[in-house]
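Engineer: What follows is a structure written as structure tokens; I'll ask about it next.
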Amino acid sequence: MADKKARLTVDGLEDAIELPVYSGTEGPDVIDVRPLTGQGLFTYDPGFVSTAACESKLTYIDGANGILLHAGYPIEQLAQHSDYLEVCYLLLNGELPTPEQKEQFVNTVTNHTMVHEQMSHFFNGFRRDAHPMAIMCGVVGALSAFYHDSLDINDPHHREVCAYRLIAKMPTLAAMCYKYSIGQPFIFPRNEMSYAENFLHMMFSTPCGEYKVSPTLAKAMDKIFILHADHEQNASTSTVRLAGSSGANPFACIAAGIAALWGPAHGGANEAVLVMLNEIGDESRIPEFIERAKDPNDPFRLMGFGHRVYRNFDPRAKVMKQTCDEVLAELGIENDPLLKIAKRLEQIALEDDYFVQRKLYPNVDFYSGIILKAIGIPTNMFTVIFALSRTIGWISHWNEFHSSPNKIGRPRQLYTGPKKRDYPAK
Ligand code: CMC
């Protein structure tokens, strides 16, 4: 597999160390640094900015050129021609489904959407004002206590059943979090609805009244699901892979992924965008916040701007922006004060030298936050919706990890603590 070699000379070592270099189907070559351990050396790469931790066939990102591919298909084309469940099938199987395969897949997912009735008791243990991500970490982890019949991680059929269960039950659990927080009864899923319609139904219907799902909003919801489905080895996906590498069950691994996603530098950003817009409060205060974002001594950052990998427009943000315009037009709320602040911020950041030079473009979470707010979804549910959408990415990576020979993940370190010393005599 290695078609090239790298040679590393190290002060104090007589011979250069020869390292194999591998080429993927796309993207930069990677140097296999494993021979270094034999020489008593490790590599040092905090934040994993230049380390490939695995081989994967699922997703490819070219950050410099704003490209995102799932199994080779550009995200813009998937967003235009596909729907979320089709993208789920693609990520799990590596190929788009035939019409028959799609029908069967949708049918299987649809028939797994209910959760065990006893799950509802877990919710009662949480305070009503608990953050829904805290509840999600708990209840998704708790799924492992309910589905013992599919926990053999070495059995491909068990892994597949777990994937179906997770894809199907995440919207139900997410909507239950919301209903619990506002003190309304849980709403059961409906088999005749699409995945996105069903989620909106479980969020907004009550036993007294059926929520009429607007096709534009259902389409926007489905796009949000598609655009967040996978993003290769980000913090939460790497967490799921690492947790999975110890042999932990998939529900526990996904709960770990949810915890990693929660932070504002990752999935928590869509919620942080709305918090920031509220804090700015008025267009007249925008310059003050822009100055703070540029001040190296102020930790404040413009939420929803910048990305570790994209140093160009995030291709997902382009699709989101268009969907955002459609939703705002349908709902007739283009004049909402927070949305006005958002549009002005976007304009300033695209023109201001600080942001232009650092290539800090609006990211997917900037627009998804605005859409979710317009749909009527409360801010603290935004990251839950990201988690729901990303579950397919997490479980596909977990499945890919277990589908070939693997090792427990065990990073090394550069130790800078005290040298060995003796315990002081008493
Ligand atoms: N506002 C102001 N300045 C920024 C921002 C921002 N949002 N993001 C980066 N910078 C500056 C940063 O201060 C640094 O400046 P300098 O070179 O003068 O020191 C420069 O840009 C490079 O930043 P970095 O910290 O090296 O970039 P990173 O790759 O470590 O961070 C990031 C990426 C996404 C964590 C960061 O851009 C950020 O905190 N953005 C806001 C949070 C956000 O929107 N996150 C969602 C990411 S997309 C969803 C997901 O994939 O989870």
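The values are calculated or read from the model by the stated rules, or taken from the named source; none is laboratory data. Everything quoted here is computed from the prediction, not taken from an experiment. Counting neighbours? That spans all protein chains shown, and the Cβs are built from the backbone with ideal geometry, glycine included. Ligands, DNA and RNA are excluded from the accessible area calculation, which covers all protein heavy atoms including side chains. Shrake-Rupley method; radii C 1.70, N 1.55, O 1.52, S 1.80 Å.
Engineer: Among the residues of segment 280-292, what is the count of those that are away from the ligand (no atom under 12 Å from the Cβ) and more than 17 Å from K343 (Cα to Cα)?
Structural biologist: 0
Engineer: Please go through segment 349-361 and give me each residue that is open to solvent by less than 10 Å² (accessible area, probe 1.4 Å) and within 25 Å of N335 (Cβ to Cβ), ordered by number.
Structural biologist: Correct list: A349 only.
Engineer: Would segment 74-97 turn up any residue that is open to solvent by 50 Å² or more (accessible area, probe 1.4 Å) and of a type in the set (S, T, Y)?
Structural biologist: No, the conditions are met nowhere in segment 74-97.
Engineer: Return only the number of the condition from (1) of a type in the set (S, T, Y); (2) under 30 Å from T43 (Cα atoms); (3) touching a residue at least 60 places away in the same chain (Cβ under 8 Å) that S368 does not satisfy.
Structural biologist: Tallying (1) of a type in the set (S, T, Y); (2) under 30 Å from T43 (Cα atoms); (3) touching a residue at least 60 places away in the same chain (Cβ under 8 Å), S368 fails exactly one: (2).
Engineer: Which count do you get for residues in segment 236-255 that are open to solvent by 30 Å² or more (accessible area, probe 1.4 Å) and either in contact (Cβ under 8 Å) with a residue 60 or more places away in the chain or touching an Asp or Glu at 6+ places or on another chain (Cβ under 7 Å) (or both)?
Structural biologist: So the count comes out to 6.
Engineer: If I filter segment 293-309 down to residues being near the ligand (Cβ under 9 Å from one of its atoms) and open to solvent by 80 Å² or more (accessible area, probe 1.4 Å), which single residue comes out as farthest from the chain's Cα centre (by Cα)?
Structural biologist: Result: P296.
Engineer: If G332 meets every condition in (1) under 23 Å from V240 (Cα atoms); (2) at pLDDT below 95 apart from one, which number is that one?
Structural biologist: Exception for G332: condition (1).
Engineer: I'd like to know if segment 416-425 contains one or more residues that are of a type in the set (A, V, I, L, M) and in contact (Cβ under 8 Å) with a residue 12 or more places away in the chain.
Structural biologist: For segment 416-425, residues of a type in the set (A, V, I, L, M) and in contact (Cβ under 8 Å) with a residue 12 or more places away in the chain: absent.
Engineer: All but one of (1) within 11 Å of the ligand (Cβ to nearest atom); (2) touching a strand residue (DSSP E or B) at 6+ places or on another chain (Cβ under 7 Å) hold for D314; which doesn't?
Structural biologist: It fails just one condition, (2).
Engineer: Please tell me if N406 is part of a helix (DSSP H, G or I) and away from the ligand (no atom under 14 Å from the Cβ).
Structural biologist: So N406 does not fit the description; no.
Here's the yes/no breakdown for (1) open to solvent by less than 30 Å² (accessible area, probe 1.4 Å); (2) closer than 26 Å to P378 by Cβ; (3) at pLDDT below 95:
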{"site": "V106", "(1), (2), (3)": "no, no, no"}
{"site": "T110", "(1), (2), (3)": "yes, no, no"}
{"site": "M114", "(1), (2), (3)": "no, yes, no"}
{"site": "S120", "(1), (2), (3)": "yes, yes, yes"}
{"site": "N124", "(1), (2), (3)": "no, yes, yes"}
{"site": "R128", "(1), (2), (3)": "no, yes, yes"}
{"site": "C137", "(1), (2), (3)": "no, yes, no"}
{"site": "V140", "(1), (2), (3)": "yes, yes, no"}
{"site": "Y147", "(1), (2), (3)": "yes, no, yes"}
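Engineer: Among the residues of segment 271-279, is there at least one that is on the phi > 0 side of the Ramachandran plot and either polar (S, T, N, Q) or near the ligand (Cβ under 10 Å from one of its atoms) (or both)?
Structural biologist: No: zero hits.
Rundown of residues vs (1) surrounded by 15 or more Cβ atoms within 10 Å (Cβ to Cβ); (2) touching a residue at least 24 places away in the same chain (Cβ under 8 Å), yes/no style:
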residue	(1), (2)
N278	no, yes
E291	no, no
R311	yes, yes
C324	yes, yes
L331	yes, yes
A342	yes, yes
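Engineer: Which one of D32, D3 is surrounded by 11 or more Cβ atoms within 10 Å (Cβ to Cβ) and among the charged types (D, E, K, R)?
Structural biologist: D32
Engineer: Let me ask another. From the list L85, L68, exactly one residue is touching a helix residue (DSSP H, G or I) at 6+ places or on another chain (Cβ under 9 Å), in a helix (DSSP H, G or I) and either of a type in the set (D, E, K, R) or within 23 Å of I395 (Cα to Cα) (or both). Which is it?
Structural biologist: None of the other options fit; the residue is L85.
Engineer: Can you name the number of the only condition in (1) of a type outside the set (D, E, K, R); (2) open to solvent by 20 Å² or more (accessible area, probe 1.4 Å); (3) within 8 Å of the ligand (Cβ to nearest atom) that V364 fails?
Structural biologist: V364 satisfies all of (1) of a type outside the set (D, E, K, R); (2) open to solvent by 20 Å² or more (accessible area, probe 1.4 Å); (3) within 8 Å of the ligand (Cβ to nearest atom) except (2).
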